[in-house]
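Student: The structure's right below; bear with me while I get my questions together.
The values are calculated or read from the model by the stated rules, or taken from the named source; none is laboratory data. All values reported here derive from a predicted model rather than from experimental measurement. Counting neighbours? That spans all protein chains shown, and the Cβs are built from the backbone with ideal geometry, glycine included. What goes into the accessible areas is simple: the full protein's heavy atoms, side chains included, and nothing from ligands, DNA or RNA. Shrake-Rupley method; radii C 1.70, N 1.55, O 1.52, S 1.80 Å.
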Amino acid sequence: MWQSRPTLNAARSPGGTSRRRMFTAGAATAATLAAMATVAIGGSAQAALAPGTPLKTLAAANGNRYFGSDMTGDLVSNSNVTQLQAQQFNMLTPGNEMKWQTIEPNQNQFNFGPGDQIVQYAHANGERYRGHNLVWDSQLAGWVTQIPLNQVQAAMENHITKEVSHYATVTATMPQTPYAWDVVNEPFQESGSLKQDVFFNAMGSGYIADALRTAHAADPNAKLYLNDFNIEGMNAKSNAMFSLAQSLLAAGAPLNGIGFESHFIEGQNPSGIQANMQRFANLGLDVAVTELDDRFTSLPPSNAGLQQQATDFANTVKACLGITRCVGVTQWAIGDPDSWVPGAFSGQGAATMFDQSYAPKPAFTAVQTALGATAGNTVTVTNPGARTGTVGTATSLQISATDSAAGQTLTFSATGLPAGLTISSSGLISGTPTTNQTANVTVTARDGTNASGSASFTWTISGGSTGGTCHVTYTRNSEWPGNFTAQVVIQNTGTSAINGWSLTFTFPGDQKVTANFNGGFSMSGENATLTNASYNGTIAPGSSITDGFQGTFSSNDASPTSFAVNGTACS
Ligand code: 9MR
């Protein structure tokens, strides 16, 4: 059984428990070493690289997801570690360098150097990064708890604005903007009550919406997350997070995702991770596994224990793969030597996919298998054919599928659904379309062995406002090998409100949208469609909204020049 960890916070040293960074020789087996490339570094042979297809490649091929790791400044110059990191992972989370204690140690004195170093590492290796974190009761600068309570809101807003603006501005030394921010970290007690920290004491529960709005104003392109541990299964704490997410969305707060940290104990994964994460996804939120590890409570691990750890890792990754809106998985370390666990839980550890010598454990192979392999089963999705719908009229469609193997439970997901529609894990698409568009929908059904099948069809929605005239400004704002981000500003130059928008344009070359930071998207050849999210669909006459997206390209990076909103060409 999973045991809750009410002592996790107490066991941490907020001042920064030092992480063990020892490099011990020779823990890899002869068989493992034979299968691995050995790389000469600084004159010594180091088994630094893992065999087979890298996790990041498998994750990208599996619904365009990422596979990430954390990274700390002391590791950036350690090529033994960075080679493995860059080989396997393509999303970074700074372990400590963007926390309040580091960024603003004294009021209004900002220290961005350590965080910038992590971003530069990410950029140099073609990786994106998640900003971690803006508001947390731990690793908080001491002065925040000493100023009068009536000054805390201004201090929090100033901290968020300065930090988020710094990282949202691309410069020669700050080459890349973040994919996401953990805006509020670990707000809950195990009971599901909000922690009575300085932010709660100053502002009540409203500090969370205020923090999200402040971050959104400073960087409208970053996905904004709440992040917590022990919310992976259904329990009082995850129920509280679910209620909070619902009320924030109802209030129009710019919340885009929930991070499920996933600090597990070997053999004690909670049940129901996928169903729990799916209910958040059904709210229209992204979900992510943000800090995965699976620790042994006594060392060294037995072979049976390593097999169980492999099952734990694979099951967590499969839970993510079963959810369309699960954007990726991050392991909280690169390997066991740089894990936080031994520093926080004496005598415990071995919590990652790579051992004390950075050689892959069974968990690594199991995750590779979960990400890519099938057991030979064939899943066939029945194509419902081209469909039509009307803005404002509720609709539903049950997708059906068959599996060549008996006894498999199929989990459904979809990409490119018309705005306003969602799919349940049992394949029921339902909702009320919000905007005119021709959506290119792909429905996927996946079984317990990770075998999957898909069907694609168009869904044409009409009957909505065509929104009048519009003006679109397109700015390509960052680029790294094969990837770019761009900003689009849609201005309503007409006299009636646009209620729900679908922005269409054609790339001049081989470019693809891979993520819309504030809404949905679909691609058909070079034709791109961006659609609104729940919170940015209305554009009053004379006003505008700003959206951004990430894309890939292979050679032609020219920007599109013609745009249409809800089918009407813009100036
Ligand atoms: O990995 C971080 C470690 O180096 C620090 O000592 C520790 C202090 O609390 O924080 C670690 O990361 C935490 C993360 O920021 C939030 N979730 C729990 C992580 C492990 O404590």
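Student: What's the Kirkwood radius of region 243-401 in Å, using all Cα pairs?
Tutor: 17.9
Student: Can you give the Rg/Rh ratio of the chain, where Rg is from the C-alpha atoms and Rh is the Kirkwood radius?
Tutor: 0.96
Student: In region 296-348, what percent of the accessible surface is made up of carbon and sulfur (1.4 Å probe, ligands and nucleic acids excluded)?
Tutor: Working: 810 of 1660 Å².
Ligands and nucleic acids excluded, carbon and sulfur reach 49 percent.
Student: Continuing with this model, one more query. What whole-number value in Å² describes the accessible area per residue of the chain for a 1.4 Å probe? List each step's numbers first, then the result.
Tutor: On the way: 20420 Å² over 571 residues.
Ligands and nucleic acids excluded, the figure is 36 Å² per residue.
Student: Here's something else I'd like to know. I need the calculated FRET efficiency for the pair Ala304 and Ser496, taking r as the beta carbon distance and R₀ as 45 Å, to the nearest 0.05.
Tutor: Efficiency computed from Cβ-Cβ geometry: 0.10.
Student: Still on this model: Summarise the accessible area of region 421-571 (1.4 Å probe, protein heavy atoms) by the percent that is carbon and sulfur.
Tutor: Here carbon and sulfur together make up 51 percent of the probe-accessible area.
Student: Just grab the label-to-label distance for Asn527 and Ser555, each label 7 Å out from Cα along the Cβ direction, in nm (one decimal).
Tutor: 2.5
Student: Now for a different question. Using every pair of alpha-carbon atoms in region 380-431, split the distances into 10 Å bins beginning at 0 and state the percent of pairs per bin, rounded to integers.
Tutor: The distribution over region 380-431 is 21, 53, 20, 6, 0, given as percents.
Student: Please give the FRET efficiency for Asn108 paired with Asn64, using the beta carbon to beta carbon distance and R0 = 56 Å, rounded to the nearest 0.05. Walk me through the numbers on the way to the answer.
Tutor: Values: r = 40 Å, r/R0 = 0.72.
Calculated value: 0.90.
Student: Could I ask something else about it? Placing +1 on the Cβ of each Lys and Arg and -1 on the Cβ of each Asp and Glu in region 213-360, which of Thr316, Gly267, Ser298 has its Cα farthest towards the positive end of the resulting dipole?
Tutor: Thr316
Student: Just to verify a number: what accessible area does Met523 come out at with the full protein assembly present, 1.4 Å probe, Å² rounded to tens?
Tutor: Accessible area of Met523: about 40 Å².
Student: Among the lysines, which fall within straight-line cross-link reach of Lys99, defined as a Cα-Cα distance under 21 Å, with same-chain neighbours fewer than 8 residues apart omitted?
Tutor: Lys162, Lys195, Lys223
Student: Output the antiparallel fraction of DSSP beta bridges having both residues in the chain, as a percent to the nearest 5. All intermediate terms of the calculation are to be shown ahead of the outcome.
Tutor: Details: 74 of 111 bridges.
Restricted to the chain, the bridges split so that about 65 percent are antiparallel.
Student: How much length is gained on full extension from Ala394 to Asp510, taking 0.36 nm per residue of separation minus their Cα-Cα distance?
Tutor: Gain on extension, Ala394 to Asp510, equals 38.1 nm.
Student: Provide Glu261, Glu157 ordered by accessible surface of protein heavy atoms (probe 1.4 Å), highest first.
Tutor: Order by accessible area, largest first: Glu157, Glu261.
Student: For region 219-305, restrict the atom set to alpha-carbon positions and state the Rg and Dmax in Å.
Tutor: 15.1, 50
Student: Right, something else. Going by a 4.7 Å Cβ-Cβ cut-off, which cysteines of the chain have no partner at all?
Tutor: By the Cβ distance rule, which asks for a partner under 4.7 Å, no cysteine is left isolated.
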